[in-house]
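Visitor: Pasting a structure below so you can have a look.
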C-alpha cells in the first residue's frame, strides 16, 4: 500500500515496524521446533575470471578464477506452503508427457527477503529434497512494509 499517489494520501497509516514484528512472530509459530528442519536457503558460488565470454564463462577452463566467493546458507524467518499441483501450476509439457512438479511458496517480510533474494535452492526438514528458485511474485506493501513471495519447485528425487 503506497502512502501517497497523485497527491492523495492513503486512507490508513500503518506502523510498519510493529506489523513486521507481528508477522515475523506469527511465521515463527509455523516453523518446526528443530532448527535443522527449518527452511534453509543455499547460494551458488560467485566466480570472476580474467578472460571470459558474455555469459561469464572462462575462455580457458584450466585457468584459476580471479575471485571465488561462497555465500553461507541462511535460515530466515518465513512462512511456507507446499503445493502438489495437478496441471494447475508449474506444469511443463515435453515429448514424453506432462510434468507437474511440487512447489513450495515462501513468504517473507522485506528484511528477511533481503537475506535470501539471490539464493538458488532451499531445503526443508530432514529430507535432502532440493527446491529450486523459479520466480518472485510482485511485491505487496502495507504502508512501508514489503511482503514478498518466492516460488521454488522440486526437480528430480531425494538427494537431487
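The values are calculated or read from the model by the stated rules, or taken from the named source; none is laboratory data. Quick caveat, the model's predicted, so the values are computed rather than measured. When we count neighbours, we look across all protein chains shown, and the Cβ atoms used for this are built from the backbone with ideal geometry, even at glycine.
Visitor: Just the residues that are touching a residue at least 40 places away in the same chain (Cβ under 8 Å) and touching a helix residue (DSSP H, G or I) at 6+ places or on another chain (Cβ under 9 Å), please, taken from segment 131-148.
Guide: 141, 142, 143, 144, 145, 147, 148
Visitor: Is there a residue being surrounded by 11 or more Cβ atoms within 10 Å (Cβ to Cβ), within 26 Å of the chain's Cα centre (by Cα), at pLDDT 75 or above and over 25 Å from residue 131 (Cβ atoms) anywhere in segment 65-76?
Guide: For segment 65-76, residues surrounded by 11 or more Cβ atoms within 10 Å (Cβ to Cβ), within 26 Å of the chain's Cα centre (by Cα), at pLDDT 75 or above and over 25 Å from residue 131 (Cβ atoms): absent.
Visitor: Tell me whether segment 37-59 contains one or more residues that are at pLDDT 75 or above and touching a helix residue (DSSP H, G or I) at 6+ places or on another chain (Cβ under 7 Å).
Guide: Among the residues of segment 37-59, at least one is at pLDDT 75 or above and touching a helix residue (DSSP H, G or I) at 6+ places or on another chain (Cβ under 7 Å), which makes the answer yes.
Visitor: I'd like to verify a number: residues in segment 3-43 that are surrounded by fewer than 10 Cβ atoms within 10 Å (Cβ to Cβ) and within 21 Å of residue 123 (Cα to Cα), how many?
Guide: The number of residues fulfilling the criteria is 4.
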